[in-house]
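Have a look at the structure below before the remarks.
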Amino acid sequence: MTDLVTDRLVLHPWDVLDVKALGAGRRGRRLPAESDIVIAGVIAENPSWLSPFGHHLIAERATSEVVPASFRWSCRDQGYSVVPSRQGREYASEAAAALASFALSSDDVHTVHARVERTNPA
């Protein structure tokens, strides 16, 4: 699977190595968030979720540092969480725009619907 690259970010789809490392209780080579260990267990039970439209890591292009965040994208749902130290930089908006553009470039996708929870402080 190919990384998506924006002006400031690289979005890397989770792969089998990431899921296996987290399943063994290690944070893995790229996944720093504690919640990712839980998510990896669910993905291990649903390996079809490892796809270009599945979970992605967010890394800063300038530093290659992974942003402690979880960004999921599926045919039904998109969601994200970004640690407080990286909030307010519009990373999630930039990632969402890149993923929507990627989806719309697919022959299988004809429409992308988006909404924001009113309670979302971002």
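Between residue 118 and residue 61, how high is the FRET efficiency from 1/(1 + (r/R0)^6) when r is the Cβ-Cβ distance and R₀ = 35 Å? Nearest 0.05.
In this case the efficiency is close to 0.65.
Taking 0.36 nm per residue of separation and subtracting the Cα-Cα distance, what length does fully extending residue 16 through residue 1 add? Provide the component values of the computation, followed by the final result.
On the way: separation 15, 0.36 × 15 = 5.40 nm, distance 1.13 nm.
Full extension of this stretch gives 4.3 nm more.
Using θ = phi - 60° and the Karplus form 6.51 cos²θ - 1.76 cosθ + 1.60, what ³J(HN,Hα) does each residue of the range 45-54 get, whole Hz, x for Gly and Pro?
7, 9, x, 5, 6, 7, 8, x, 9, x
Each residue of the range 110-115 in order: what ³J(HN,Hα) in whole Hz does its phi give by Karplus 6.51 cos²θ - 1.76 cosθ + 1.60, θ = phi - 60°, with x for Gly and Pro?
Once θ is set to phi - 60°, the couplings for the range 110-115 become 10, 8, 10, 9, 10, 8 Hz.
Only the coordinates and a few stated rules stand behind these numbers; no lab work does. Keep in mind that what you see is a predicted model, and the values were worked out from it rather than measured. All Cβ positions, glycine included, derive from the backbone under ideal geometry; neighbour counts span all protein chains shown.
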